[in-house]
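Q: Take a look at the following structure, please.
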């Protein structure tokens, strides 16, 4: 009996995992193409709203690389709930996310709040393909207060070199290899001292 329960539990777990990795085409909010792994073939990166989206959500990042044996895209990275954004059809202008190719093998993911409240911000998370995995190569964050002109700031961190430009002043931080699975906005805010 115990073996049956164990087998049934494993089967259900696998079924739920497979369902979680399926992407509804209606939830894709932006896409970019580029040669992320520098093999001369076009790859794909997607920003995807969560399944139960209310329009104000943590967006997932999904990256597909070309199969080495076939001209087919294969899922290389699945990172749900990575960046905040508004994606509803009736959402607020100035809170939409975007993704684009940035350089030879990098991807730039932009998120923002340039529309609501007095605390406005924008950030760019740059991913790079290194040693057969996607890592955070950089993080840029700018913020300002619409009522207090002295309350703003900026931060540009190169995770691969440790170079940090904070409020126009160059300094050094620890270079780090940060896998996208380990990343959240709090990591970037801590590095920038926000």
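Every read-out reported here was derived from the displayed coordinates using simple, explicitly stated rules and does not represent laboratory data. Every value quoted in this text rests on a predicted model; they were computed, and no experiment measured them.
Q: Multiply the residue separation of residue 31 and residue 116 by 0.36 nm, subtract the distance between their alpha-carbon atoms, and state the gained length in nm to one decimal.
A: 28.1 nm
Q: Alpha carbons only, please: Rg and Dmax for the range 26-192, in angstrom.
A: Both quantities, over Cα of the range 26-192: 16.5, 57 Å.
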